[in-house]
Amino acid sequence: MSQEEEKFLKEMIEFDDAIPKGVYAVPSPGCSPRYNIRKIAEYMRENGFKGPLSEDELQRFRIGPKGFICRAVVNVEEATHWFPTFDDEIGDCEVTPFQLYRIFLDKYGDECVIVDDEKNFSLIYLWHNGRFVVLEETR
């Protein structure tokens, strides 16, 4: 192994050792559908399922949302919020994946904008991965 390769390996080991051990998870927003995973696993074990359940089967295990649900829409004009997802093409940016951003109509510019994490008006939804949603209250 060359000196350059040894140096790189040493840096990678130091980098790996500096990262806290455990699992990194991004919490889902409160408006996302939730399912009782334990009951799904039990149902699959009892019925010998190996693959994914159908949508109809999953509905039996859905935990009702508390307060609000997100309904996906096609374009920004009908949305109330924008929901960014991970985007491998973009490094650090001014939005946090899986956080809802309210959409505002800028009458002067005649365009829809969000307020990003830096508290600036932004059109990042034009190039960053995400979904347009309507936030609806449940009863």
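Phi angles across segment 48-56 convert, under the Karplus curve 6.51 cos²θ - 1.76 cosθ + 1.60 with θ = phi - 60°, into 3J(HN,Hα) values of x, 6, 10, x, x, 7, 6, 4, 4 Hz, Gly and Pro given as x.
Set the Förster distance to 41 Å, then compute FRET efficiency between ARG38 and ASP106 from the Cβ-Cβ distance, nearest 0.05.
0.30
Each of CYS70, PHE83, LEU53 was placed along the dipole of segment 27-139 (beta-carbon charges, centred on the mean Cα), and the one lying farthest toward the positive end is LEU53.
How high is the relative contact order of segment 39-129, given as a whole-number percent (alpha carbon pairs under 8 Å, six or more residues apart)?
Numbers: 77 pairs, mean separation 18.2, N = 91.
The value is 20 percent.
Element breakdown for segment 39-116 at a 1.4 angstrom probe: carbon and sulfur atoms account for 51% of the accessible area.
How much length, in nm to one decimal, is gained on full extension between ARG131 and THR80, taken as 0.36 nm per residue of separation minus their Cα-Cα distance? Intermediate results must be reported in sequence, preceding the final value.
Numbers: separation 51, 0.36 × 51 = 18.36 nm, distance 1.10 nm.
Extending this stretch completely gives an extra 17.3 nm.
Exposure check, 1.4 Å probe, all protein chains in place: GLU137 carries approximately 120 Å² of accessible surface. The solvent-accessible area of GLU46, taken with every protein chain present and a 1.4 Å probe, is close to 140 Å².
The values are calculated or read from the model by the stated rules, or taken from the named source; none is laboratory data. Since the model is a prediction, treat every value here as computed from it, not as a measurement. A quick note on method: Cβ atoms are made from the backbone with ideal geometry, for glycine too, and the neighbour counts reach across all protein chains shown. Heads up: the accessible areas ignore ligands, DNA and RNA and are worked out on the full protein's heavy atoms, side chains in. Shrake-Rupley method; radii C 1.70, N 1.55, O 1.52, S 1.80 Å.
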